[in-house]
Amino acid sequence: MDKLMETTLSILAGSKITLEIFAATLAMSLPLGLLAALARLSKIGVISRLTELYIWIMRGSPLMLQLLFVYFALPLVGIKFDPLPSALLAFTLNYAAYFAEIFRAGIQSIERGQYEAAKTLGMTYIQTMRRIILPQMIHRVLPPVSNETINLVKDTSLIYILAMNDLLRVARTIVQRDFDMTAFFIAGVFYLAMTAVLTWMFKKLEAHYGKYDF
Amino acid sequence: MENTISNGELMLEVKNIHKKFADADVLHGISFTVRRGEVLVIIGPSGSGKSTMLRCLNRLEEIDKGSVQVRGEYLAKEVDGSTVYAEGDELRHILGSMGMVFQQFNLFPHMTVLENLLEAPMQVKKMKREEILPVAEELLRKVGLYDKKDSYPARLSGGQQQRVAIARALAMNPAIMLFDEPTSALDPELTGEVLKTMRELAAEHMTMVVVTHEMAFAREVANRVIFMADGNIVEQGTPEELFGAPKEERTKAFLNNML
Ligand SMILES: Nc1ncnc2c1ncn2[C@@H]1O[C@H](COP(=O)(O)OP(=O)(O)OP(=O)(O)O)[C@@H](O)[C@H]1O
Ligand SMILES: [Mg+2]
């Protein structure tokens, strides 16, 4: 029993870094993704195409490779980060690209009539985006954003490659040390608990935004 | 009435406007004027360019040639063969003098009826909520929807939504109202309430340009009717002239079809 407690506490300690990466990535990649979506939709060709290139690179190559690149390849050109900032940089750039595509599709799904109504009422581009388009867009993109967010919880396990002691790496260390699979089960329960909380939160958000049902 | 209009202020002066889309030449030199308090109704077959013409008046579409003057100010004019639009404050001022009502209502679905009315006055005119609130509530009473002020648009019938859309445009206190087939998306039994609101607006001498297929409304409310076909004005006149004694064959054929 003591053994089980000790394993759980170790894994709990490991989940701290998992949650840190998760929360920080989300906090940075959502706004960055929105900016990238707007840049992608920009009428200025260069901006739109550069953003498209960025999104393609991020979505078209493995996150694992991006992690390795930031941590091992950037130092070769004199840019060196510790493991945590490296992980945050790679995760944020990667997830922002996915969010950008979700937001772009969401913005494009808003009827042209909404822009036209706002325009004939004299609203500027920024007012139209902030007051009319984005609030409706958020409602529509909640399900795919929810998916990506849950993916992010699981993707955090990739940071083991940078020798960071996250939830899964702690569990694996214990399993390899004790030849006992319990730690994996506990790790699984931890992941499921996190995704359950997220699922519940997104349900609440959807209900909140669904109050004017359209 | 006729006389006060024919001497009234020129609200709109459209000269020889042309509009091309990539694959279509839509307007071939449209000219007309609208005076204060006048209700101009535009009729014509589908695809004749009525919506495009209306949308050129408030720059939802940009003209390729010609000029548009709103209350003496140029929205667009020709300078050395190219079209130049007003800019900055002048542009905002010109566009701000026109309100528009769309076929599809285009209410903001994430805002209540009242919020739909308050939005532009507060955001664009920077009015305080307590300044615009009584105006908005009065407008909702006028269109008979005060009791729906806290509902979301999705909960309203099409006719109610369109009346809110009219009130929303009026909340910006425009001098000219543009209507693009305001009743075409409605079930027949709901067109009446919207037309009633528009009739009341006309009775208050609002200057209106209305694209519609409602011939009875045109006959009754219009001061002048324009019949468009293939991007041209084929004929225009008073409702009596146009409906009673159309001169052009195209007009006659169109009117026969509508009856
Ligand atoms: N954005 C656009 N791009 C290309 N062609 C367009 C565009 N908008 C309108 N058109 C074309 O211009 C022509 C006139 O269209 P418009 O909508 O002005 O006609 P309308 O008289 O309003 O017809 P309806 O009674 O069906 O509303 C049509 O042939 C239409 O296909
Ligand atoms: Mg039309």
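The values are calculated or read from the model by the stated rules, or taken from the named source; none is laboratory data. None of these values were measured; they are calculated from a predicted model. When we count neighbours, we look across all protein chains shown, and the Cβ atoms used for this are built from the backbone with ideal geometry, even at glycine. Surface areas here come from the heavy atoms of the whole protein model, side chains and all, with no ligands, DNA or RNA. Shrake-Rupley method; radii C 1.70, N 1.55, O 1.52, S 1.80 Å.
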Could you tell me whether any residue of the stretch A:142-159 is under 30 Å from B:Gln104 (Cα atoms) and within 14 Å of chain B (Cβ to nearest Cβ)?
yes
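Yes/no matrix, rows are residues, columns are (1) assigned to a strand (DSSP E or B); (2) touching a Ser or Thr at 6+ places or on another chain (Cβ under 7 Å); (3) charged (D, E, K, R):
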site: B:Glu13; (1), (2), (3): yes, yes, yes
site: B:Val41; (1), (2), (3): yes, yes, no
site: B:Cys56; (1), (2), (3): no, no, no
site: B:Gln69; (1), (2), (3): yes, no, no
Pair list, Cβ under 7 Å, 6 or more apart: the stretch B:87-106 residue in contact (Cβ under 8 Å) with a residue 12 or more places away in the chain and more than 18 Å from B:Thr52 (Cα to Cα), other residue away from ligand 1 (no atom under 16 Å from the Cβ) and in a loop (DSSP other than H, G, I, E, B):
B:Ile94/B:Ala86; B:Gly96/A:Gly122; B:Gly96/B:Met172; B:Ser97/B:Arg71; B:Ser97/B:Pro174; B:Ser97/B:Ala175
Exactly one of A:Thr195, A:Thr182 is more than 14 Å from every other protein chain (Cβ to nearest Cβ), under 18 Å from the mean Cα position of the chain (by Cα) and open to solvent by less than 60 Å² (accessible area, probe 1.4 Å), and that residue is A:Thr195
For the stretch A:120-138, which residues satisfy the criterion of being more than 9 Å from chain B (Cβ to nearest Cβ) and either polar (S, T, N, Q) or closer than 18 Å to B:Ala165 by Cα (or both)?
A:Thr128, A:Ile133
When you go through (1) away from ligand 2 (no atom under 16 Å from the Cβ); (2) crowded, with 20+ Cβ neighbours inside 10 Å one by one for B:Glu137, which number turns out not to apply?
(2)
Single residue of A:Tyr115, A:Tyr98 found to be within 14 Å of chain B (Cβ to nearest Cβ), at pLDDT 95 or above and either under 30 Å from B:Arg92 (Cβ atoms) or not in a loop (DSSP other than H, G, I, E, B) (or both)
A:Tyr115
Which condition number in (1) farther than 23 Å from B:Arg199 by Cβ; (2) crowded, with 17+ Cβ neighbours inside 10 Å; (3) within 16 Å of ligand 2 (Cβ to nearest atom) is the one that B:Ala24 fails?
(2)
Can you tell me which residue among B:Ala218, B:Ala229, B:Ala245 is more than 15 Å from ligand 1 (Cβ to nearest atom) and either among the small types (Gly, Ala, Ser) or in contact with a Gly (Cβ under 6 Å, 6 or more places away or on another chain) (or both)?
B:Ala245
How many residues are farther than 19 Å from B:His110 by Cα and either open to solvent by 40 Å² or more (accessible area, probe 1.4 Å) or within 14 Å of another protein chain (Cβ to nearest Cβ) (or both) if we restrict to the stretch B:140-158?
3
Considering the stretch A:179-213 alone, what residues qualify as being touching a residue at least 24 places away in the same chain (Cβ under 8 Å) and of a type outside the set (Gly, Ala, Ser)?
A:Thr182, A:Ile186, A:Phe190, A:Tyr191, A:Met194, A:Thr195, A:Leu198, A:Thr199, A:Phe202, A:Leu205, A:Glu206, A:Tyr209
Can you tell me which residues in the stretch B:188-229 are touching a helix residue (DSSP H, G or I) at 6+ places or on another chain (Cβ under 7 Å) and assigned to a loop (DSSP other than H, G, I, E, B)?
B:Thr212, B:Glu214, B:Ala222, B:Asn223
Mind listing whichever residues of the stretch B:28-55 are within 8 Å of ligand 1 (Cβ to nearest atom), more than 14 Å from every other protein chain (Cβ to nearest Cβ) and in contact with a Lys or Arg (Cβ under 7 Å, 6 or more places away or on another chain)?
B:Gly44
Looking only at the stretch B:111-133, filter to residues that are open to solvent by less than 20 Å² (accessible area, probe 1.4 Å) and within 10 Å of another protein chain (Cβ to nearest Cβ); which one of those is nearest to B:His213 (Cα to Cα)?
B:Asn116
Pairs with Cβ under 6 Å, 6+ apart, first in the stretch A:1-12 and open to solvent by 90 Å² or more (accessible area, probe 1.4 Å), second part of a helix (DSSP H, G or I)
none
Of everything in the stretch B:163-184 that's assigned to a helix (DSSP H, G or I) and within 14 Å of another protein chain (Cβ to nearest Cβ), which residue is surrounded by the most Cβ atoms within 10 Å (Cβ to Cβ)?
B:Arg168
Residue ID - farthest from the other protein chains (Cβ to nearest Cβ), chosen from residues in the stretch B:83-102 that are open to solvent by less than 60 Å² (accessible area, probe 1.4 Å) and in a loop (DSSP other than H, G, I, E, B)
B:Ala86
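Results for (1) within 14 Å of chain A (Cβ to nearest Cβ); (2) open to solvent by 10 Å² or more (accessible area, probe 1.4 Å); (3) at negative phi; (4) within 16 Å of ligand 2 (Cβ to nearest atom), shown as yes or no for each residue.
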position	(1), (2), (3), (4)
B:Gln161	yes, yes, yes, no
B:Leu186	no, yes, yes, yes
B:Glu193	no, yes, yes, no
B:Val209	yes, no, yes, yes
B:Leu242	no, no, yes, no
Residue check for B:Asn58: closer than 20 Å to A:Arg131 by Cα and either within 14 Å of chain A (Cβ to nearest Cβ) or touching an Asp or Glu at 6+ places or on another chain (Cβ under 6 Å) (or both):
no
